[in-house]
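Chemist: Handing you a structure now.
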Amino acid sequence: MWEYLRLHEEFIRNAISNVTEKERLLQLRDFHLRQISFMQHERLIHLIVTMFVALFTIMSFGLCYFAPAIPTGLLSLLFVILTGAYILHYFRLENGVQRWYHIANRIENLLGHSGARYENHKIEKNGEDK
């Protein structure tokens, strides 16, 4: 999924810098917004999975407390590792989609539509720094 995020972002940034026709820019915007909707679905699924894995981690800690044994400790360790991996994955997925939102705002600006870009810790409205 991270590779998909990276490849799409690279494609869309290159395409934006090379496009001069408004019609082509509109097509790129529509394509990019569809990709954002796909990623929003992916984020929701990964959030649900992450929450369940975290819940199972907490439950395994309870199991360790009430039935201390090596297998329950290993189960808890496994769930801690899985929770960490899912949180890292969700974090990267979330940040990638946030970057895509900035790209969508940039496309809107290039089209001359009302909208602001929130990049580099400043607000740019239609190409002007604020």
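All of the numbers you see were taken from the coordinates with simple rules; none came from a lab. Keep in mind the model is a prediction, meaning the values are calculated, not measured. Note: ideal-geometry Cβ built from the backbone for every residue, glycine included; neighbour counts use all protein chains shown.
Chemist: Among the numbered conditions (1) closer than 30 Å to Asp30 by Cβ; (2) among the aromatic types (Phe, Trp, Tyr); (3) in contact (Cβ under 8 Å) with a residue 12 or more places away in the chain, tell me where Phe79 comes up short.
Modeler: (1)
Chemist: Could you please give the count of residues in the range 22-37 that are surrounded by 12 or more Cβ atoms within 10 Å (Cβ to Cβ) and either without any contact (Cβ under 8 Å) to a residue 40 or more places away in the chain or on the phi > 0 side of the Ramachandran plot (or both)? Let's see the steps before the verdict.
Modeler: Initial filter on the range 22-37 (surrounded by 12 or more Cβ atoms within 10 Å (Cβ to Cβ)): 24-29, 31-33, 35-36.
From what's left, either without any contact (Cβ under 8 Å) to a residue 40 or more places away in the chain or on the phi > 0 side of the Ramachandran plot (or both): 24, 27, 31.
Adding up the residues that qualify gives 3.
Chemist: OK, next. Might you let me know whether the range 79-86 holds any residue that is under 30 Å from His113 (Cα atoms) and not small (Gly, Ala, Ser)?
Modeler: First pass over the range 79-86, keeping only residues under 30 Å from His113 (Cα atoms): none.
No: the range 79-86 contains no residue that is under 30 Å from His113 (Cα atoms) and not small (Gly, Ala, Ser).
Chemist: Still on this structure, please answer the following. Output the number of the condition that Val53 fails; it satisfies all remaining conditions of (1) in contact (Cβ under 8 Å) with a residue 12 or more places away in the chain; (2) among the aliphatic types (A, V, I, L, M); (3) surrounded by fewer than 17 Cβ atoms within 10 Å (Cβ to Cβ).
Modeler: Of the numbered conditions (1) in contact (Cβ under 8 Å) with a residue 12 or more places away in the chain; (2) among the aliphatic types (A, V, I, L, M); (3) surrounded by fewer than 17 Cβ atoms within 10 Å (Cβ to Cβ), the odd one out for Val53 is (3).
Chemist: Here's another thing I want to ask about it. Which of the residues that make up the range 84-100 are of a type in the set (Gly, Ala, Ser) and crowded, with 17+ Cβ neighbours inside 10 Å?
Modeler: Filtering the range 84-100 down to residues of a type in the set (Gly, Ala, Ser) leaves 84-85, 96.
The one that is of a type in the set (Gly, Ala, Ser) and crowded, with 17+ Cβ neighbours inside 10 Å: Gly96.
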